[in-house]
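The values are calculated or read from the model by the stated rules, or taken from the named source; none is laboratory data. Fair warning: this is a prediction, and the values are worked out from it, not measured in the lab. Note that we place each Cβ from the backbone using ideal geometry, even for glycine, and neighbour counts take in every protein chain shown. These area figures cover heavy atoms from the full protein model, side chains too; ligands, DNA and RNA do not enter into them. Shrake-Rupley method; radii C 1.70, N 1.55, O 1.52, S 1.80 Å.
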Amino acid sequence: MSEVSVIEVKNQSELKQFVRFPMDLYKNNPYYVPSFIKDEFKIWDVKENPALNYSKSRQFLALKDNKVVGRIAVIINHKEEKELGIRKVRFGWIDFIDDKQVSKALIQKAIDYAKENNIDKIEGPMGFTNLDKAGMLTMGFDKLATMIGIYNHEYYPKHLEELGLTKEKEWVEYEMNFPKILPEKVEKFSGLIAQKYKLKVLNFKSKQEILPFVKPMFKLLDETYKHLSTYTPISDEQIQTYREKYFPFIDKNYVICVVDENNELVSFAITMPSYSKALQKSKGKLFPFGWWHFLQAGKKNDRANFYLIGIHPEYQRRGVTAIIFKEIFVRFTSMGIDFAETNPELEENKSVQVLWQDYNPVNHKRRRTYSLTINKD
């Protein structure tokens, strides 16, 4: 039996193999959605990824018979340690063929890295920050992935569990057939709440008008989710990075902002047309022809994805969601959206999950991170 060797990524050629491996592993898989290749390279460039300023990381490739058969990245987020007192090695970008020798060798690298840094816990898959992709798919292997979700083979979690890793955190995702008629409760309360608290929905005439609200949106995210375990505040540098990464795909009609009488943001929702099939057709590249598939997906699409939603704590139990969902209903109906899919939501985050209760949500995907406490002996 051939031996598995693991090498550290040290040069551009090896980084290219690291980035492209999943595209080879999932070739012809109808559910896998590739990431933008260009963005994947930027993740490991300190000039492009501000998280590298307070984190350290290494990337590894698993080889068998001189062929790449797996990959893994290991990360230590010093900001997480400083602000939350959490010391762990995050592992992510983990992919491997259905060979237990390979998965074992990759996880061993995460264990070794933890020992080198006197850390007794590893957890993954996860990225550098809360807004990076996280969670290994454990249900929904026959569902089309989204642009911000990880897709993996069904054997992945089985391998990790056999290696002794156990569930750490769980995320749920929902799919909804968008209603043709607005629920009476939403219709009734949206107007009453807007009038009572002097709130209004902003109507953006161009994408440029959204820009002044980008930073307030992220700050509102901090306020919305700071009570959740492991949540760390988003830095200004990260805000700029995410704005540059995702703003080109934003459609003004899919962004909803609710402000008070002083024009202060109290709630927002960012949705997008589903770009999954466009990414599949473009094979992770915008050029030379990928842009065409994205253009078409933006113009004509029956599916939308919820990406971010934020509600100021002072308004979370005051019915503001009725305003948001009435506006979403009006816009989705005019654009021919029949299906909507949520982003991954922590299983414990019931306050977000209750938002969908009037739309007959179906829990169609689950994902989790796995952890292992390391014996230092």
Angle between the chain longest axis and helix 236-246 axis [Cα atoms, degrees, rounded to 10]: 80 degrees
Dimensions in Å of the range 1-88 - Rg and Dmax from alpha carbons: 15.3, 47
Over the range 203-326: Kirkwood hydrodynamic radius from C-alpha pairwise inverse distances, Å: 15.9 Å
Hydrodynamic radius (Kirkwood) for the range 317-363, which is based on Cα pairs only, to one decimal in Å: 12.0 Å
For the range 234-282: accessible area per residue (Å², 1.4 Å): 40 Å²
Cα gyration tensor shape of the range 101-159, rounded if a/c is under 1.5, else prolate or oblate by comparing a/b with b/c: oblate
C-alpha long axis of helix 290-299 to longest principal axis of the chain, angle in °: 30 degrees
In Å, descending, principal axis extents of the Cα set of the range 77-176: 42, 34, 19
Cα principal axis extents for the range 261-377, largest first, Å: 58, 48, 32
Debye log10 I(q)/I(0) for the range 277-344, one point scatterer per Cα, at q = 0.13, 0.14, 0.16 Å⁻¹: -0.53, -0.59, -0.71
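If the chain between GLU187 and ARG317 were fully stretched, how many nm would it gain, using 0.36 nm times the residue separation less the Cα-Cα distance?
Values: separation 130, 0.36 × 130 = 46.80 nm, distance 1.72 nm.
Length difference between fully extended and current span is 45.1 nm.
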Using θ = phi - 60° and Karplus 6.51 cos²θ - 1.76 cosθ + 1.60, couplings along the range 356-364 (whole Hz; Gly, Pro as x): 9, 4, 7, 10, 6, x, 10, 6, 9
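Working out 0.36 nm times the residue gap between GLU116 and PHE141, then minus their Cα-Cα distance, what length gain in nm do you get to one decimal?
On the way: separation 25, 0.36 × 25 = 9.00 nm, distance 3.53 nm.
Gain on extension, GLU116 to PHE141, equals 5.5 nm.
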Accessible area of the chain belonging to carbon and sulfur atoms, whole % at 1.4 Å probe: 50 percent
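Taking the mean number of other Cβ atoms within 10 Å as a proxy for protection, how do you rank 127-133, 267-273 from highest to lowest? If you can, show how the numbers build up before the last one.
Details: 127-133: 20.3, 267-273: 22.9.
Order by mean packing, descending: 267-273, 127-133.
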Computed magnitude of the charge dipole of the chain (debye, nearest 20; Cβ of K, R +1, Cβ of D, E -1): 700 debye
Segment GLU48-ASP302, extension gain: residue separation times 0.36 nm, minus the distance between their alpha carbons: 88.1 nm
Listed residue (TYR174, MET272, TYR151) projecting farthest to the positive dipole end of the chain, Cβ model: MET272
Vicinal HN-Hα couplings computed from phi for the range 134-144 (Karplus, 6.51 cos²θ - 1.76 cosθ + 1.60; Hz; Gly/Pro x): 8, x, 7, 4, 10, 8, x, 5, 9, 10, 4
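How much of the pair distance distribution for the range 57-102 lies past 11 Å, counting alpha-carbon pairs only, in percent? Before the final figure, lay out the partial values.
On the way: 707 of 1035 pairs.
Counting pairs separated by more than 11 Å, the tail of P(r) holds 68 percent.
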Quotient of Cα Rg and 2.2 N^0.38 Å for the range 232-278, N being how many residues it contains: 1.40
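What number in nm² do you get for the chain if you take the convex hull of its Cα atoms and divide its surface by four? It would help to have the intermediate numbers written out before the result.
Values: hull surface 76.9 nm².
For the chain, averaging the hull's shadow over all directions gives 19.2 nm².
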